[in-house]
Amino acid sequence: MVTKAAKPAASKATAAKAPVSTEVAAAKKAAPAPAKTPAVATKAAQKKPTPAGDMSENNLPTEAELLKMPESEYMNERQLGFFRDRLRQLEQEILSNAGATTEHLRETQFVPDPADRATIEEEHALELRTRDRERKLLKKVQQSIVRIDGGEYGWCEETGEPIGLRRLLARPTATLSLEAQERREMRQKMFGD
């Protein structure tokens, strides 16, 4: 007999499977069928792929697992879920930093010494520059999430080749392969573009 105190100790994997088994049980009660049909329905319910947006943290690969995956599985649902999760975490971090900066700048400090006032103003200017960079990064993060949803994430905009997992781990907002980025930087150097 399972007590109520023992239920919270159940693993997340067991909790994740619970809705499937209750759906199957409800289906069995609603429409009795031959003995083979419920078993087939149960297997189909268990094999149903989860949408990329609904992937649980338990199902997401680690960086090491990601790098061990074969090239034939490039940008599969698990990889896309990993990068979507990483980008959303980055997005939340940037937004929380922006909120903290806003609160910090609202705090007015009256300092009579001109040197101290200049130091405070310089710190505020530095913080605002940092937030401006983060604002630009936030736009790229949001564009990357849209690219994941559109099925374009992980592929070079210029050549259509894979960007590569190592590059995406280092810079999740990358839209160009390493070679294409090097060519772009060379053109910018040569032509001042």
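The values are calculated or read from the model by the stated rules, or taken from the named source; none is laboratory data. All values reported here derive from a predicted model rather than from experimental measurement. Ideal geometry is used to build each Cβ from the backbone, glycine not excepted, and the neighbour counts take in all protein chains shown. Ligands, DNA and RNA are stripped out before the accessible areas are found, and what is left, the full protein with its side chains, is counted by its heavy atoms. Shrake-Rupley method; radii C 1.70, N 1.55, O 1.52, S 1.80 Å.
Restricting attention to the range 104-142, the residues that are more than 27 Å from the chain's Cα centre (by Cα) and part of a helix (DSSP H, G or I) total 16. Count of the range 143-174 residues, restricted to those that are over 23 Å from S72 (Cβ atoms) and part of a loop (DSSP other than H, G, I, E, B), is 3. Comparison of A98, A64 shows that the only residue that is under 29 Å from L176 (Cβ atoms) and loosely packed, with under 10 Cβ neighbours inside 10 Å is A64. Within the range 113-130, residues that are under 18 Å from E103 (Cβ atoms) and open to solvent by 60 Å² or more (accessible area, probe 1.4 Å) sit with their Cβ atoms under 8 Å from residues that are among the polar types (S, T, N, Q) and modelled with pLDDT under 90, at 6+ positions apart or across chains, in these pairs: L128/T101.
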